[in-house]
């Protein structure tokens, strides 16, 4: 696709008030596919061109009008096809013994056999999972916080004799890092509400009464905090559904985080 046509697609989309994600939903595609069109890295097929023309209320001639000559267009198309063609060594035939457990709208598949679960792209290549640097950093931070919590537990308990109550500090690393994961993934379901409820329950029912003279042990009334777990996740699930977001990451879902133009 030429830069000229790609720019036209961007202008038409914005003129009609669509984000890349909204346009992709209307066409039944991923946002990344629309993004590639608008960066001239890929071309819409015939069906998608017709849908775009009808959606924007323009003719195909208006949509595809370009001043470039035929030779240039053909040259770019050949180059594009070569770049999009998967390497032969990446092609993997799905074994007849594999059991297909998921097929996406875009043709992606997930299979399972004795060797485990395998994710395939629409073109038959094996899905390669990129190393998630942000999640790795969060994991390293959580390990560090857990080490600090262990040191705090041993030191404070040895000094004050709080061996039976200081263990509540072990909830803290997961709570902090689950907040970070929810922010990075942009999905509140990654926040560990169960740990928060347990921490609040034992903090108020056990820890505080043990260190504050005269404070009663509130085991009975504090159990209500556990109701916050289903309430939180049902609320977040409803919000995610209303916003068109998945509750959990699909192993075959593209994780390209490019910003909308």
Full extension from residue 186 to residue 208: what is 0.36 nm times the residue separation minus their Cα-Cα distance, to one decimal in nm? 4.5 nm
In nm, the gap between the two label points placed 7 Å beyond Cα toward Cβ at residue 217 and residue 160 is 1.8 nm
State, in angstrom, two size descriptors of the range 14-54 derived from its alpha carbons: Rg to one decimal place and Dmax to the nearest whole number. 9.5, 23
By the Cα gyration tensor axes a ≥ b ≥ c (a/c under 1.5 gives rounded; else a/b larger than b/c gives prolate, otherwise oblate), the shape of the range 133-242 is oblate
What FRET efficiency comes out for the pair residue 10/residue 172, r = Cβ-Cβ distance, R0 = 51 Å, nearest 0.05? 0.65
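Rule-based calculations on the coordinates, nothing more; no lab input. Everything numeric here is computed off the predicted structure, so don't read it as measured data. Note that we place each Cβ from the backbone using ideal geometry, even for glycine, and neighbour counts take in every protein chain shown.
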